[in-house]
Amino acid sequence: MPMKIELSLIGVVAAALIVALIVALVATPVVKSLAFKMGAMDVPKDNRRMHDHPIPRMGGLAIFLGFLLSVLLFAEITPQLRGMLLGSVIIVVLGIFDDIYSLPAMFKFVVQIVAALVAVFSGNVIQTLSNPNIFSSDLYWDLGVLSIPVSVIWIVAITNAVNLIDGLDGLACGVSTISSMTLLVISLVVSDAPAAILMAALAGSCIGFLPYNLNPAKIFMGDTGSTFLGYVLAVVSIQGLFKFYTIISFAVPFLMLGLPIFDTCFAFIRRIAHGQSPMHADRSHVHHRLIDMGFSQKQAVAVLYIISAILGLSAVVLTTAGAVKAMLLLLALCAAGAVSARIFLSNNEKKNGQEQEEKTQESEDKEERK
């Protein structure tokens, strides 16, 4: 793959990112006021929610506005892009109504399929997959008639995967920023200008929204934002990753979106094993488990940011330097992360133990004084 990056492309990408960032940054307070007026509020009514007071949602509308304006200014409007933008409008409108009225899950699922079909019939189709069996003489799978259902399943799955990790302040927005920056770097390396511009616009709009969404969050992106981010990442990954006829193209999208994919698969398997519906909401997502382990919201989000960055960096190395180096990097980073986590947890255990001892001693002292 070519390593030379054109300076003109970098300039356009930087401009797209900055415009999206500024628009999202300016639009978010306006959207926040609009959410108050329209009743798009997230009220904590179960133990899955980490906040203790109503917070406006629908902030994803600001992300969408930043992305849309930047794309219209800097991207060439092709039939594939037109289909993706139309589908994203459907997703955003659905998200707005869901943030206000809490729509039924099945209705949302059907509309998401419609939005995916709009993108697919506009040319955003996974036509081939690299064979993950490296020992096979057949390096590629031609999907043929399966290309449309596979593409729809991919788009709907990633749309919902990003939505499912939106459980802590700044988590889904930050992970989406890391994923979009990963694809941005890969697109620049392979000189894929359309995908680079789209990812710059998406990353910029997420970065512009983040200051309002980090803990303690002033506004949530809601389904308006999380489903929109998942939808765009899914469609652009079809445009920018699945089309490469290389043995590595199968792994790159799954590394880039590794955290939401893993969390969703784990949640579905867990629910089915317990005899529940895969769509049944629970409090056993990765971020919930980190909170239950003693991490604060900020610490849990930071851990998941690091995991996403490790996977994203591995995807970049896989694209530019080959599978062996990427695997070695992934193993090294995972080992370092495991050691760091163990040290952190042991420190937490010591701290909790000391606090417990102090409380016990205080109680004993009180008893003696009595």
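The values are calculated or read from the model by the stated rules, or taken from the named source; none is laboratory data. Here the structure is a predicted model, which means the values were calculated and not measured. Reconstructed Cβ throughout: ideal geometry from the backbone, glycine too, with neighbour counts over all protein chains shown. All accessible areas refer to the heavy atoms of the entire protein, side chains included, with ligands and DNA or RNA removed. Shrake-Rupley method; radii C 1.70, N 1.55, O 1.52, S 1.80 Å.
General observations
- Gain in span if fully extended, residue 37 to residue 109, counting 0.36 nm per residue against the direct Cα distance: 23.2 nm
- Under 5 Å from the amide H of residue 41 lie the amide H atoms of 57, each residue being 5 or more positions distant or on a separate chain, with H modelled from the backbone and absent for Pro and chain starts.
- Listed residues 38, 106, 58 arranged by accessible area, highest first, probe 1.4 Å: 106, 38, 58
- Shape category assigned to segment 5-124 from the gyration tensor of Cα positions, a/c cut at 1.5: oblate
- Remark: segment 81-211 is approximated by an ellipsoid whose semi-axes, taken from the C-alpha gyration tensor as √(5λ), come to 27, 21, 15 Å, largest first.
- A 1.4 Å probe, protein heavy atoms only, puts the accessible area of residue 256 near 10 Å².
- Between the amide H of residue 128 and those of 143, distances stay under 5 Å, these residues lying 5 or more places away or on another chain, with hydrogens modeled in the peptide plane.
- Taken one residue at a time, the phi angles of segment 310-315 give Karplus couplings (6.51, -1.76, 1.60, θ = phi - 60°) of 4, 5, x, 4, 5, 5 Hz. Gly and Pro are set to x.
- Tensor-based shape of segment 169-239 (alpha-carbon gyration tensor, a/c under 1.5 rounded, otherwise prolate or oblate): prolate
- Residue 93-residue 14 pseudo-label distance in nm [points 7 Å out on the Cα-to-Cβ vector]: 3.9
- Taking a ≥ b ≥ c as the square roots of the eigenvalues of the Cα gyration tensor, segment 59-109 is classed as oblate, since a/c reaches at least 1.5 and a/b does not exceed b/c.
- By a 1.4 Å probe calculation restricted to protein chains, residue 32 has an accessible surface near 60 Å², given to the nearest 10.
- Estimated from the Cβ-Cβ distance and a Förster radius of 45 angstrom, the FRET efficiency linking residue 299 and residue 72 is about 0.70.
- In sequence order, calculated HN-Hα J values of segment 97-107 (Karplus, 6.51, -1.76, 1.60; Hz; x Gly/Pro): 5, 5, 5, 8, 10, 6, 6, x, 4, 5, 5
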